[in-house]
Amino acid sequence: MSVAKYKRVVLKLSGEALAGKQGFGIEPSVIQSVAKQVKELVDLGVEVAVVVGGGNIWRGKIGSEMGMDRANADYMGMLATVMNSLALQDSLENIDVQTRVQTSIEMRQVAEPYIRRKAIRHLEKKRVVIFAAGTGNPYFSTDTTAALRAAEIEAEVILMAKNNVDGVYSADPTIDTNAKKYQTLSYLEMLNKGLAVMDSTASSLCMDNDIPLVVFSIMEEGNIKRAVLGEEIGTVVRGKN
């Protein structure tokens, strides 16, 4: 039987990944694939927390560029993450994975409010916990949410599943054919090179709390399990390289 390298993980999914080829909304086949891959981790005995973005429905940055008040635009983005989280919860429970959604903005008829100790207790009971509505504050990304929650629940790693790249590159590989893929990086190198993996706030949080990051493609089914087993896929970012 395969042995997981990590006991407790935070899986960071971009909203765009859930849209699949249609580019907007939620593609059922994609979210079902993600749910099956998460179940594989639960079956290994791994405690799984998930943070989902909302870019497939709304991006606060775009609203701000349209002239909207930035805080309002960001709150709309947080609500988009709740919609994605509920959809993922439904897909997981359809395959018999106990799941709880916790929101940073209270909406008790829809989900539990985020309570750190309660989240940890759910994880200990082998329930998947989905953290929705970001940090509950505007001006912070879901990358920062993933870093913050990982630190709070003492996760051993953040698994960053991408839909357009299979790791961290020196430049955009879809534009620059000479872009170099990194196998390992330090957070300091990532910040100094200006590599757009996660925003600087999230990177600093991970670096300060010594939380490793594994960046890989979600488009190949089974990659989430491979990352948890410690196989060499994607790029590993650590506090020190």
Please compute the Cα-Cα pair-distance distribution of segment 145-241 with 10 Å bins starting at 0, giving whole percents from short to long.
16, 50, 31, 3
In segment 63-154, trypsin sites (Lys or Arg not before Pro) in a DSSP loop with at most 13 other beta-carbon atoms within 10 Å
R108, K125
Listed by chain and number, the residues whose amide H is under 5 Å from that of E112, excluding neighbours fewer than 5 places away on the same chain and using placed H, are V101, T103
222 nm [θ] for the chain, helices only, -39500 (n - 2.57) per DSSP H run of 4+, per residue, to 500?
-11500 deg cm²/dmol
With 10 angstrom as the radius, rank T177, T103, T184, T135 by how many other C-beta atoms surround their C-beta, starting from the fewest.
T177, T184, T135, T103
In the structure displayed, which of K126/K181; K125/K181; K12/K180 lie more than 30 Å apart, Cα to Cα?
K126/K181; K125/K181
Return F140, F131 ranked ascending by Cβ neighbour count within 10 Å, so the fewest neighbours appear first.
F140, F131
List the aspartates and glutamates whose alpha-carbon lies under 20 Å from that of K7, not counting same-chain residues fewer than 8 positions away?
E40, D43, E47, E124, E152, E154, E156, D210, E231, E232
Fraction of the pair-distance distribution of segment 78-123 above 17 Å, Cα-Cα pairs, percent
34
Rounded, prolate or oblate, given the Cα gyration tensor of segment 101-151, with a/c below 1.5 counting as rounded?
oblate
Would you list the P(r) distribution for the chain, with all Cα-Cα distances sorted into 10 Å bins from 0 and each bin expressed as a whole %?
8, 33, 40, 17, 2, 0
For segment 1-101: rounded, prolate or oblate by the Cα gyration tensor [a/c cutoff 1.5]:
prolate
Report the charge-dipole magnitude of segment 23-98 in Debye, nearest 20, computed about the Cα centre from +1 at each Lys and Arg Cβ and -1 at each Asp and Glu Cβ.
280
Give the long-range amide H neighbours of K12: residues separated by 5 or more places, or on another chain, with amide H under 5 Å away, using H modelled in the peptide plane at 1.01 Å from N.
V51, L159, M160, A161
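Every number here is computed from the coordinates shown, using simple stated rules; none is lab data. Computed from a predicted model, the values in this text were never measured in an experiment. Note that we place each Cβ from the backbone using ideal geometry, even for glycine, and neighbour counts take in every protein chain shown.
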